[in-house]
Amino acid sequence: MTKRDEIYLVPKPIVSDFSFGQETAAVFDDMLDRSVPFYAEIQRMITELVGDFAVDGTNVYDLGCSTCATFRRLSDLERDVTFVGIDDSQAMLDRGREIMEASGFPRRYELQRRDLHSGLDIHDASVVILCLTLQFVRPLHRERLMKAIYDGLNPQGCLIVVEKVLAGETLMNRFFIKHYYDMKRRNGYSETEIAQKREALENVLIPYRLDENVALLRGAGFREPEIFFKWYNFCGLVAVK
Ligand SMILES: C[S@@+](CC[C@H](N)C(=O)[O-])C[C@H]1O[C@@H](n2cnc3c(N)ncnc32)[C@H](O)[C@@H]1O
């Protein structure tokens, strides 16, 4: 069972950078449910899109798979694929494997510990998923990562990207962020939790604007990306090779 996320409940003398270690892995499912608007619906939509593009005999990659929440929802996918989850946090992968094994995940899958900053070996892929992960990749490495994904995808393969995004205009940005923190309050986070998490994520989570993400995908060679989800400062894109 997933524990409640109370990592930032108590005021800390110094708030250190957000990390995807043990403490976060233990409460991660709850953190996502309460911190990402329409998280369950986003995941449901991802499973539908995977169903549209997955091809028998290919690989479906989840980059930054964390605790394998996306794969767990794909157990009924009617395609003979191999699920490949990549993450650089051993704690996340361990937790993911533990949950997958406990629930008897019935599909072929492998989990790889890799840092997306140091290259990527993707092959025979019909689908690549980057759900809330690109924002944690240093901007300097994003172009190279996108190119590696494009090269590893089969023709007609698709990339699904979900990101926190900045609004184009400062005023809108302020409103969107205000509404986002209101959502966190509605989901039971206190002012202290919101403030400390915000501080921890500064310099760790670096969002682009929507148009910058679209340019990144096009620059790698993808056809015109489509928006499949948008809620204030969160956005889902799907692009085809
Ligand atoms: C917000 S979580 C992703 C959530 C997950 N995709 C989901 O939908 O449930 C971001 C994940 O990316 C991983 N990550 C961040 N930077 C990474 C890097 N440079 N290389 C590999 N994984 C990274 C983190 O360890 C974390 O598990």
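The values are calculated or read from the model by the stated rules, or taken from the named source; none is laboratory data. Keep in mind the model is a prediction, meaning the values are calculated, not measured. In this analysis, Cβ positions are derived from the backbone assuming ideal geometry, glycine residues included, and neighbour counts consider all displayed protein chains.
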The lone exception for Ala200 - which of (1) surrounded by fewer than 20 Cβ atoms within 10 Å (Cβ to Cβ); (2) part of a helix (DSSP H, G or I); (3) at pLDDT 95 or above it fails: (3)
Qualifying residue in segment 83-91 (condition: in a helix (DSSP H, G or I) and without any contact (Cβ under 8 Å) to a residue 40 or more places away in the chain): yes
Boolean, Glu23 is free of Cβ contacts under 8 Å to residues at least 12 places away in the same chain, out of contact with any strand residue (DSSP E or B) (no Cβ under 7 Å at 6 or more places or on another chain) and assigned to a helix (DSSP H, G or I): no
Residue that is nearest to the chain's Cα centre (by Cα) [pool: residues in segment 31-64 that are in a loop (DSSP other than H, G, I, E, B) and within 12 Å of the ligand (Cβ to nearest atom)]: Gly64
Some residue of segment 163-180 being of a type in the set (D, E, K, R), surrounded by 14 or more Cβ atoms within 10 Å (Cβ to Cβ) and not in a loop (DSSP other than H, G, I, E, B): yes
Counted residues, segment 65-75 - those being more than 16 Å from the chain's Cα centre (by Cα) and within 13 Å of the ligand (Cβ to nearest atom): 0
Qualifying residues in segment 58-80 (those that are surrounded by fewer than 22 Cβ atoms within 10 Å (Cβ to Cβ) and of a type in the set (A, V, I, L, M)) - the one farthest from Lys3 (Cα to Cα): Leu77
Residue within segment 145-156 that is within 16 Å of the ligand (Cβ to nearest atom), in a strand (DSSP E or B), within 19 Å of the chain's Cα centre (by Cα) and within 19 Å of Arg218 (Cβ to Cβ) present: no
Of residues in segment 109-144 being modelled with pLDDT of 95 or more and of a type in the set (Ser, Thr, Tyr), the one farthest from the ligand (Cβ to nearest atom): Ser126
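Checking the condition touching a residue at least 60 places away in the same chain (Cβ under 8 Å) and buried (at least 19 other Cβ atoms within 10 Å of the Cβ), which residue from Val55, Val50 passes?
Values: Val55 fails: buried (at least 19 other Cβ atoms within 10 Å of the Cβ).
So the residue among Val55, Val50 that is touching a residue at least 60 places away in the same chain (Cβ under 8 Å) and buried (at least 19 other Cβ atoms within 10 Å of the Cβ) is Val50.
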Condition check for Lys147: farther than 25 Å from Gly21 by Cα, among the basic types (Lys, Arg) and without any contact (Cβ under 8 Å) to a residue 24 or more places away in the chain: no
Where Glu78 falls short, out of the listed (1) more than 15 Å from the ligand (Cβ to nearest atom); (2) in a helix (DSSP H, G or I): (2)
Top-ranked residue in segment 95-108 [being touching a strand residue (DSSP E or B) at 6+ places or on another chain (Cβ under 9 Å) and within 24 Å of Ser19 (Cβ to Cβ); ranked as nearest to the ligand (Cβ to nearest atom)]: Gly96
Any hit, segment 204-220, residues being within 19 Å of the chain's Cα centre (by Cα), among the small types (Gly, Ala, Ser), closer than 25 Å to Cys65 by Cβ and surrounded by 12 or more Cβ atoms within 10 Å (Cβ to Cβ): no
Hits in segment 121-143 (condition: more than 23 Å from Phe38 (Cβ to Cβ), surrounded by fewer than 20 Cβ atoms within 10 Å (Cβ to Cβ) and in contact (Cβ under 8 Å) with a residue 24 or more places away in the chain): Asp121, Ile122, His123, Asp124, Arg138, Pro139, His141, Glu143
